[in-house]
1. One residue is enough: does the range 187-205 have a residue meeting the conditions among the aliphatic types (A, V, I, L, M), over 18 Å from PRO117 (Cβ atoms) and touching a strand residue (DSSP E or B) at 6+ places or on another chain (Cβ under 9 Å)?
2. Of (1) under 30 Å from SER168 (Cα atoms); (2) free of Cβ contacts under 8 Å to residues at least 60 places away in the same chain; (3) among the small types (Gly, Ala, Ser), SER69 satisfies all except one. Which?
3. crowded, with 19+ Cβ neighbours inside 10 Å and of a type in the set (S, T, N, Q): which single residue out of THR224, THR214 fits that description?
4. Every residue in the range 57-94 that is part of a loop (DSSP other than H, G, I, E, B) and over 21 Å from the mean Cα position of the chain (by Cα), please.
5. MET68 passes all but one of (1) crowded, with 19+ Cβ neighbours inside 10 Å; (2) in the same structural domain as GLY220 (by TED's automatic domain parsing); which number fails?
6. Give the range 82-127 a look and list any residue that's assigned by TED's automatic domain parsing to the domain that holds LEU185 and on the phi > 0 side of the Ramachandran plot, or say none.
7. Test ILE92 against the criterion of being modelled with pLDDT of 90 or more and surrounded by 15 or more Cβ atoms within 10 Å (Cβ to Cβ), and give yes or no.
8. For the range 106-125: of the residues being part of a loop (DSSP other than H, G, I, E, B) and under 19 Å from the mean Cα position of the chain (by Cα), which is surrounded by the fewest Cβ atoms within 10 Å (Cβ to Cβ)?
Amino acid sequence: MHLMITKFATAFTFIFALLAAHVWAGEYTEIKSSLARINPDLKASSIEVTPMFGIYNILLNNGDRIYMSADGEFFFAGTMYQNSFGENLVNITEQSSLKDRLVAMGSPAAQQAWVFPAQGERKATITIFTDIDCFYCQKLHAEMPAINALGIEVKYLAFPRAGIGSSSYQALVDSWCAKNANEFLTEAKLRSHNKQAPQASPKPCENPVLAHYTLGQQIGINGTPAIVFDSGELLPGYLPANELAKRLGIL
């Protein structure tokens with residue numbers, strides 16, 4: 001019996017290797033064709049093997065994630081878990097998302113950010129995808145002095161929810177191009193909150209707002225504020241300064 005199991009396992013491994021080799025040799029042709037049948041604009045940003053036999057982890061260009069068979073005939077969306085005997089339950093989907101966010105936060109686009117430095121010793125750094133007109137973005141920004149006082153450095157990336165060319169997009173561009181970018185951004189959020197007219201636009205300049213927005217879409221950001229820790233963990237929505245510090249292990 002042991003010999004039969006061993007032979008079966010060897011054959012199974014061999015078949016999987018052939019299947020993987022076939023997919024690699026075809027540069028995921030079947031998978032890419034399947035995506036095109038769903039929607040011609042749908043592309044794979046990344047394709048990776050999963051622990052599930054014959055199933056591939058696909059990050060789409062719209063930020064969504066799906067799982068697809070090697071031949072492209074079957075796919076499903078949702079969270080994949082690994083439930084191995086004697087082991088803790090593993091969220092395979094979140095592991096992939098963490099990795100993707102870490103890569104994104106190390107990209108050139110993410111390095112161009114509004115930075116609100118920590119006061120005194122810097123104990124943590126967070127990156128926040130933000131908008132001008134978002135109520136909870138405004139609420140979070142109002143707590144910036146308290147956040148910084150706790151030793152938290154905040155890096156802002158632009159995510160105009162209304163899209164490219166919208167008034168909030170222009171306000172973010174203006175905030176980047178302003179002589180004092182941080183002050184302009186703060187005033188822009190305050191004016192939006194108080195329903196006041198926007199500030200006069202400064203001289204146009206090269207800016208990363210489009211790159212920020214595209215980056216956010218690629219990693220599945222669909223609302224603001226979206227807080228990303230250095231670990232890659234994503235917290236969607238607002239948190240008060242003290243709660244944020246607790247999540248970071250500072251308090």
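1. Keep residues of the range 187-205 that are among the aliphatic types (A, V, I, L, M), which gives 188, 190, 197, 200.
Still in the list and also over 18 Å from PRO117 (Cβ atoms): 188, 190, 197, 200.
Then keep just the ones that are touching a strand residue (DSSP E or B) at 6+ places or on another chain (Cβ under 9 Å); that gives none.
The answer is no; no qualifying residue exists.
2. (1)
3. On the way: THR214 fails: crowded, with 19+ Cβ neighbours inside 10 Å.
None of the other options fit; the residue is THR224.
4. Of all residues in the range 57-94, those part of a loop (DSSP other than H, G, I, E, B) come to 61-64, 70-74, 78-80, 83-89.
Scanning the range 57-94 gives ALA70, ASP71, GLY72, GLU73, PHE74, ASN83, SER84, PHE85, GLY86, GLU87, ASN88, LEU89.
5. In the conditions (1) crowded, with 19+ Cβ neighbours inside 10 Å; (2) in the same structural domain as GLY220 (by TED's automatic domain parsing), MET68 misses (2) alone.
6. GLY120
7. Details: modelled with pLDDT of 90 or more: yes; surrounded by 15 or more Cβ atoms within 10 Å (Cβ to Cβ): yes.
So ILE92 fits the description; yes.
8. From the range 106-125, those part of a loop (DSSP other than H, G, I, E, B) are 106-107, 112-113, 117-123; that's our starting set.
Within this subset, residues satisfying the condition of being under 19 Å from the mean Cα position of the chain (by Cα) are 106-107, 112-113.
Numbers: GLY106: 9, SER107: 12, GLN112: 17, ALA113: 18.
Filtering first and then ranking leaves GLY106.
The values are calculated or read from the model by the stated rules, or taken from the named source; none is laboratory data. Nothing here was measured: the structure is a model prediction, and the numbers come from that model. No Cβ is skipped: glycine too gets one built from the backbone with ideal geometry, and neighbour counts run over all protein chains shown.
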